[in-house]
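Here is the structure we will look at.
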C-alpha cells in the first residue's frame, strides 16, 4: 500500500463535512437531544413556546379570547474549539500502514485505507471529547451536570452511590418513582449513567430474569419506559440523571466555514499538520423534569 500525503489530504478534504459532523453528532447522548445547527453567536437564546389551553363552552357562537401565549428563552453558551496537531510523516506512515496491514490480515485480505484509519482516529478523539463536554462542560461553559444541579438546587432523588448487580434495578426504579408526573408520562424518559453503572444495571436485569438482553441491544429500566444510556462523560462517576430527553438541547454550527477538518503537509516544517475547529453548546429547557443521584 503506497503512502501519499496528497491522497490523505484529498480524502480529508472530500469528507471533511461528514467527518466533523460525525465527531459532533455521533456521541451516545446527542442522538437523544434536540440539535440546533447554524448557531454562530457566542450566546444563543432558544425560544420555548407555551400557551394556556382554556376550553370554553362550545354550545354558543362568538369569539371569546382567553388565555395567554408565553415565549420564554433558554440561554445557551456556544464554545469555540480547535485542535492543532503536528506529526512526522514517517511516524504516520509506519503507524497507520502497519494498522492497515493488520486490519487486512484480520479481514481476509481486505485492507483499510490508511487515510480512513487516520480520519477515524481523529473522529474517535473528537467524539470522546464532545461526550465529556456535553456532560461536564469545561469550567467556563456549563455541561448538563452543571445546568441540572444549578437550576434545581435540591434536585429530587438520592445521594450518589455505586450500584451493584444486586441492587441496580431497585435503585433505578427508585429514581423513576421520584420523577415528576409530567416527566413520567412522556415517552422520552432516559437514564444517563457511567459505563460501569450501566453494566451493573444490565447484569442486574438479566440476573433477576426480567428479560434477556441481546448484545448491543437497548436497555430499559424494568417496568418503566425509561431507556438507559451509558455516557463516557460520567466515567468513574456514580452520579446518575433521569428525565425527559426532549428538554436537552445541543447547539453547533455546521453551516459556515468555521468548522474545519483539515490535514496537509507543511513543507517549511517538514511535517504533517492537522486542524480541527468546531462549536458546541448545551442547554436544558426544563431542568425541573429531572431527578438524579448526586
**Residue list for segment 231-253, restricted to those being over 30 Å from residue 91 (Cα atoms), in contact with a helix residue (DSSP H, G or I) (Cβ under 6 Å, 6 or more places away or on another chain) and surrounded by fewer than 21 Cβ atoms within 10 Å (Cβ to Cβ)** = 245
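Just checking, which of 205, 219 is more than 18 Å from the chain's Cα centre (by Cα) and within 27 Å of residue 167 (Cβ to Cβ)? Quick ask: steps written out before the conclusion?
Values: 219 fails: more than 18 Å from the chain's Cα centre (by Cα).
Going through 205, 219 in turn, just one is more than 18 Å from the chain's Cα centre (by Cα) and within 27 Å of residue 167 (Cβ to Cβ): 205.
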**Item:** Those residues of segment 174-198 which are over 19 Å from the mean Cα position of the chain (by Cα) and within 15 Å of residue 164 (Cα to Cα), in sequence order
**Value:** 174
**Asked** So which residues in segment 48-69 are surrounded by 10 or more Cβ atoms within 10 Å (Cβ to Cβ) and outside any loop (DSSP other than H, G, I, E, B), if there are any at all?
**Response** 48, 50, 51
**Fill in**
Restricted to segment 259-285 and to residues being touching a strand residue (DSSP E or B) at 6+ places or on another chain (Cβ under 9 Å) and outside any strand (DSSP E or B), the residue nearest to residue 86 (Cα to Cα) is 269
**Item:** Meets criteria (under 21 Å from the mean Cα position of the chain (by Cα) and part of a strand (DSSP E or B)) for residue 288
**Value:** no
**Prompt:** Do the conditions hold for residue 195, that is, is it at pLDDT 95 or above, surrounded by fewer than 18 Cβ atoms within 10 Å (Cβ to Cβ) and farther than 30 Å from residue 13 by Cβ?
**Reply:** yes
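The values are calculated or read from the model by the stated rules, or taken from the named source; none is laboratory data. Note that the structure is a prediction, hence the values are computed from the model and not measured. Backbone-built Cβ (ideal geometry, glycine too); neighbour counts: all protein chains shown.
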